[in-house]
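*Asks:* My structure is below; once you've seen it, I'll send some questions.
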Amino acid sequence: MTGLSIENLSMRFDLPNGGHVQALKDVSLSLQNGELLSVLGPSGCGKTTLLNILAGFLAPTDGRVVLNGHDVKGPDAERGMVFQKGALFEWMSVRQNVDFGPRMKGMAKMERDKIADHLLETVGLQDFKEKAVYELSGGMQQRVALARCLANDPDVILMDEPLGALDALTREKMQGLVLKLWKETGKTVILITHSVEEALLLGERLLVMAPRPGRIHKEYKLPFAERGVNADLRDVKKGEGFAETRDEILSMIWGMEEEIMGRTEATQ
Amino acid sequence: MTGYLILFVYIALFIGAYTLVQVVRRSRAATQDFTSLKTVTFGDESAIRSDRAASVISILVIFLIWGAFTGSKLVPLHVPGPFAGDTSFSYEAVNAAGETDQATVSVIVHQVGEDVEAPEAAPGDGFAKDDAATVATWRQVLIRANRNDEGRTEEGFKITAIDGQPIAPGEKVSVEDGDVSMTAKGSLNFTPHKGLQMEPIWMPSPEAVAYRFVEIANEGYQNFTLWEHLGWSLIRVVVGFAAGAALGIPLGYAMGLSGWFRGWFDPIVEFMRPVPPLALIPLVIIWFGIWETGKIVLLFLAALWIMTIAARAGVSGVNISKVHAAYSLGASRWQILRHVIIPNSLPEIFTGARVAMGVCWGTVVAAELVAAQKGAGMMIIAASKFQLTDIVIMGIVLIGVIGYGIDTLMRMAEKALVPWKGRF
């Protein structure tokens, strides 16, 4: 059996004051290999918790995650991560960052160099191979993070707001790059974001999650990612259905936020 | 008195130099870089640039004042020095018959250390005879002016005036080149003017210190060469620091990586850290003796806690994203320690090492003050017992230079080894 399947995932933990938090409740989902999923939701909806469970950094209290037929028990090179920022190793050059995974596996230098050269070219950093990562701009650093993740050839790529710390212009360019990499490599990608537009552009499937307890609220199947592979993303945004879907999701999330506010006020 | 004068001169030079530099600068075309165009500088730390001219003048002023108040030949201006040369004063005596007569006391004031023979004074006429004496600068001399006078043993003989100013036992009058006071028994005590300069046994001139440096560099001091003294201090610091780091850094890592280690050692580290190493000297002497073992144990303890805390902070400071990323890239625990945690902690370790080296250098000097046969601290404490102030000052300057040198080396090493510090 191939693909990623998430079965009745729940996560509940105790607080020091005797209360408890239900971060996730009965989340189920299955992904085919090569699918692109974006996850959206107001803060506190458990989307980062979900990603951490998928990565193997957290253990769920109930349910399980199955990838290509085996249970996910902890972090592993089969599931690559791309973080928002600060996850590069600043004591290594760009090349050393990119070939970190193969190096840890003990791959020969020739082979590693080939992988790094190829990936750095793909992300457009062929002229920065020997630079220190702290000399690069934020956008370039995220390109390194993407290349580093791909160098390990993972089955699934998990992205935790990978473009959240970038300025608007760089972000647009990087969205194009993420789509291109997804299409070229055929990896399964799960991307968490705060931005509704980004979720629409970078998701064949889009999950909207709701808070308290964290759960799947609604799922969309979207055409925009497929369109964006071949077209300018700005045209995709102007294209058929984009504005309507965006407005629908925005009002949905606004509704959730208001509900939270109302509930908080009521308890006070 | 001299102290207040020095303070006053120093403040005056501070203000004077500032005014002068401002005037000179205003008359020249100002460079126009970005910072110079900032109008808000008071409170904007980034707009405060260390004034190079002020630094240069500051150092010059220290040597100027030092030289001016110690009679240095390197400095053109001096405050008045002590009187030296030939001087004299006269005294008036009354004998038993009520007659008065005058006589002269000649005094040769010579430099300390010179041996000067007092000239035989021609007695002169009358019953009061002339006298002669010698005295070194900054000293005083007891002159029994009446010792050769006729009728000095008779009732009623006494000295009544100095240079025409009346004097009685216990009183003091000023003469041209000094002060004369009369003891209870009627002898005269002459103190030549001391001026405002400091005596070499309190504060030697810069060239005296430099001369002493050359002498000790060539001949050594107290059975060891200067380089042996300084070298031994440095070796103790390096060995003690290395031992402290060799145990402290792994201990700090263990405390950052394991809850049991942290719980076990936290009370010990947190208790020992605020204990100044100097407070441990007596115990270390009792346990390990006063020789090398004791000193190295002391420096080991001085460095140990600082390095432990630095390594622990280095581990705590690692961004969890980096560790997560490394696990997701397939790294093992050992690889994460080797490739992520250790490099990530290097900036903290270097900061700790700089602090620890500073503390160790201070501690070794203090330990050598207590007991040592060789070392920078031993040199100055031995010299101070003979009031060889020039060696004391030379030692202090060398200790400062070496301490500064150590810190500079550490900073250079830091720049070369952790270039990413503060930039990511």
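The values are calculated or read from the model by the stated rules, or taken from the named source; none is laboratory data. Quantities reported herein were computed from a predicted structural model and do not represent experimental measurements. For neighbour counting, all protein chains shown are included, and Cβ atoms are generated from backbone atoms with ideal geometry for every residue, glycine included.
*Asks:* Tell me which of these B:Leu283 doesn't satisfy, since it passes every other one: (1) within 14 Å of another protein chain (Cβ to nearest Cβ); (2) assigned to a helix (DSSP H, G or I); (3) out of contact with any Ser or Thr (no Cβ under 8 Å at 6 or more places or on another chain); (4) not acidic (Asp, Glu).
*Replies:* Exception for B:Leu283: condition (1).
*Asks:* Looking at region B:269-291, is at least one residue within 15 Å of B:Gly244 (Cα to Cα) and aliphatic (A, V, I, L, M)?
*Replies:* Yes.
*Asks:* Continuing with this model, one more query. Please enumerate the residues belonging to region A:57-85 that are within 14 Å of another protein chain (Cβ to nearest Cβ) and among the β-branched types (Val, Ile, Thr).
*Replies:* Hits for region A:57-85 are A:Val72, A:Val82.
*Asks:* Restricting attention to region B:319-331, which residues are more than 7 Å from chain A (Cβ to nearest Cβ) and either surrounded by fewer than 18 Cβ atoms within 10 Å (Cβ to Cβ) or closer than 14 Å to A:Ala151 by Cα (or both)?
*Replies:* Listed by number, the residues that qualify are B:Ile320, B:Ala326.
*Asks:* Between B:Ile290, B:Ile296, which is more than 14 Å from chain A (Cβ to nearest Cβ) and buried (at least 21 other Cβ atoms within 10 Å of the Cβ)? Step through it out loud before you land on a result.
*Replies:* Numbers: B:Ile290 fails: buried (at least 21 other Cβ atoms within 10 Å of the Cβ).
Step by step, each of B:Ile290, B:Ile296 is checked, and only B:Ile296 is more than 14 Å from chain A (Cβ to nearest Cβ) and buried (at least 21 other Cβ atoms within 10 Å of the Cβ).
*Asks:* Further, regarding this structure: Can you tell me which residues in region B:128-149 are surrounded by fewer than 17 Cβ atoms within 10 Å (Cβ to Cβ) and under 19 Å from B:Ala97 (Cα atoms)?
*Replies:* Result: B:Arg147, B:Asn148.
*Asks:* Determine whether B:Leu337 is within 14 Å of chain A (Cβ to nearest Cβ) and farther than 30 Å from A:Phe57 by Cβ.
*Replies:* On the way: within 14 Å of chain A (Cβ to nearest Cβ): yes; farther than 30 Å from A:Phe57 by Cβ: no.
No; evaluated as a whole, the condition is false for this residue.
*Asks:* Here's a follow-up. Please find, within region B:395-412, the residue that is nearest to the other protein chains (Cβ to nearest Cβ) out of those that are closer than 17 Å to B:Trp232 by Cβ and touching a residue at least 24 places away in the same chain (Cβ under 8 Å).
*Replies:* The selected residue is B:Ile406.
*Asks:* Go through region B:150-190 residue by residue and tally those that are loosely packed, with under 13 Cβ neighbours inside 10 Å and among the acidic types (Asp, Glu).
*Replies:* The number of residues fulfilling the criteria is 4.
*Asks:* A follow-up question, please. What is the one condition in (1) assigned to a strand (DSSP E or B); (2) on the phi > 0 side of the Ramachandran plot that B:Gly43 does not satisfy?
*Replies:* Looking at each condition in turn, B:Gly43 falls short on (1).
*Asks:* Out of B:Val105, B:Val61, report the one residue that is surrounded by 14 or more Cβ atoms within 10 Å (Cβ to Cβ), modelled with pLDDT of 85 or more, touching a helix residue (DSSP H, G or I) at 6+ places or on another chain (Cβ under 7 Å) and under 21 Å from B:Met182 (Cα atoms).
*Replies:* On the way: B:Val61 fails: under 21 Å from B:Met182 (Cα atoms).
Just a single option satisfies the conditions, and that option is B:Val105.
*Asks:* What's the number of the condition B:Thr104 fails, among (1) in a loop (DSSP other than H, G, I, E, B); (2) in contact (Cβ under 8 Å) with a residue 12 or more places away in the chain; (3) not aliphatic (A, V, I, L, M)?
*Replies:* (1)
*Asks:* Name the residues in region A:123-149 that are within 11 Å of chain B (Cβ to nearest Cβ), aliphatic (A, V, I, L, M) and under 17 Å from the mean Cα position of the chain (by Cα), would you?
*Replies:* A:Ala145, the sole residue that qualifies.
*Asks:* Right, something else. Mind checking which residues of region B:1-42 are of a type in the set (A, V, I, L, M), in contact with a helix residue (DSSP H, G or I) (Cβ under 8 Å, 6 or more places away or on another chain) and free of Cβ contacts under 8 Å to residues at least 24 places away in the same chain?
*Replies:* Quick first cut of region B:1-42, residues of a type in the set (A, V, I, L, M) only: B:1, B:5-7, B:9, B:11-13, B:15, B:17, B:20-21, B:23-24, B:29-30, B:37, B:40.
With the extra rule that they be in contact with a helix residue (DSSP H, G or I) (Cβ under 8 Å, 6 or more places away or on another chain), the set shrinks to B:6, B:9, B:13, B:17, B:21, B:30, B:40.
Listed by number, the residues that qualify are B:Ala30, B:Val40.
*Asks:* Can you go through B:Met378, B:Met412, B:Met394 and tell me which one is over 30 Å from A:Trp91 (Cα atoms), among the hydrophobic types (A, V, I, L, M, F, W, C) and modelled with pLDDT of 90 or more?
*Replies:* So the residue among B:Met378, B:Met412, B:Met394 that is over 30 Å from A:Trp91 (Cα atoms), among the hydrophobic types (A, V, I, L, M, F, W, C) and modelled with pLDDT of 90 or more is B:Met394.
*Asks:* Given the criteria among the small types (Gly, Ala, Ser), part of a loop (DSSP other than H, G, I, E, B) and within 24 Å of B:Asp163 (Cβ to Cβ), does B:Gly81 qualify?
*Replies:* Criteria met by B:Gly81.
*Asks:* Listed residues B:Lys421, B:Lys415; which is basic (Lys, Arg), farther than 19 Å from B:Phe224 by Cβ, assigned to a helix (DSSP H, G or I) and within 14 Å of chain A (Cβ to nearest Cβ)? Even if it seems obvious, please write down each step before you answer.
*Replies:* On the way: B:Lys421 fails: assigned to a helix (DSSP H, G or I).
B:Lys415 is the lone residue from the list that is basic (Lys, Arg), farther than 19 Å from B:Phe224 by Cβ, assigned to a helix (DSSP H, G or I) and within 14 Å of chain A (Cβ to nearest Cβ).
*Asks:* Test each condition in (1) among the polar types (S, T, N, Q); (2) within 19 Å of A:Met209 (Cα to Cα); (3) in contact with an Asp or Glu (Cβ under 7 Å, 6 or more places away or on another chain) for A:Asn68 and report the one that comes out false.
*Replies:* (2)
*Asks:* Being more than 28 Å from A:Ser43 (Cα to Cα), in contact (Cβ under 8 Å) with a residue 40 or more places away in the chain and of a type in the set (Gly, Ala, Ser) is true for just one of A:Ala231, A:Ala165, A:Ala199, A:Ala147. Which residue is that? Please lay out each step first, then the result.
*Replies:* Values: A:Ala231 fails: in contact (Cβ under 8 Å) with a residue 40 or more places away in the chain; A:Ala165 fails: more than 28 Å from A:Ser43 (Cα to Cα); A:Ala199 fails: more than 28 Å from A:Ser43 (Cα to Cα).
When all the criteria are applied, what remains is A:Ala147.
*Asks:* When the residues of region A:86-105 are filtered to those that are more than 8 Å from chain B (Cβ to nearest Cβ) and charged (D, E, K, R), which remaining residue is nearest to B:Ser332 (Cα to Cα)?
*Replies:* The selected residue is A:Arg103.
*Asks:* Just to verify a result, which residue in region B:214-238, among those that are of a type in the set (Asp, Glu) and more than 20 Å from B:Gly403 (Cβ to Cβ), is nearest to the chain's Cα centre (by Cα)? First the steps, then the outcome.
*Replies:* Within region B:214-238, the subset of a type in the set (Asp, Glu) is B:215, B:219, B:228.
Imposing the further condition that a residue be more than 20 Å from B:Gly403 (Cβ to Cβ) reduces the set to B:215, B:219.
Details: B:Glu215: 20, B:Glu219: 23 Å.
Step by step, filter region B:214-238, then rank; the result is B:Glu215.
*Asks:* Restricting attention to region B:194-201, does a residue exist that is under 25 Å from B:Ala372 (Cβ atoms), in contact (Cβ under 8 Å) with a residue 24 or more places away in the chain and not assigned by TED's automatic domain parsing to the domain that holds B:Met379?
*Replies:* Just the residues of region B:194-201 that are under 25 Å from B:Ala372 (Cβ atoms), to begin with: B:201.
From what is left, the residues that are in contact (Cβ under 8 Å) with a residue 24 or more places away in the chain are B:201.
From what is left, the residues that are not assigned by TED's automatic domain parsing to the domain that holds B:Met379 are B:201.
Yes: one or more hits.
*Asks:* Any idea which of (1) under 28 Å from B:Pro419 (Cβ atoms); (2) buried (at least 22 other Cβ atoms within 10 Å of the Cβ) is the one A:Ser93 doesn't satisfy?
*Replies:* That leaves (2) as the condition not met.
*Asks:* Here's another thing I want to ask about it. Name every residue in region B:321-379 that is touching a Lys or Arg at 6+ places or on another chain (Cβ under 6 Å) and either more than 28 Å from A:Thr48 (Cβ to Cβ) or of a type in the set (Asp, Glu) (or both), in order of residue number.
*Replies:* B:Pro347, B:Val364, B:Ala367
*Asks:* A:Ala199: crowded, with 19+ Cβ neighbours inside 10 Å and small (Gly, Ala, Ser), yes or no? I'd like the intermediate steps shown before the answer.
*Replies:* On the way: crowded, with 19+ Cβ neighbours inside 10 Å: yes; small (Gly, Ala, Ser): yes.
It is true that A:Ala199 is crowded, with 19+ Cβ neighbours inside 10 Å and small (Gly, Ala, Ser).
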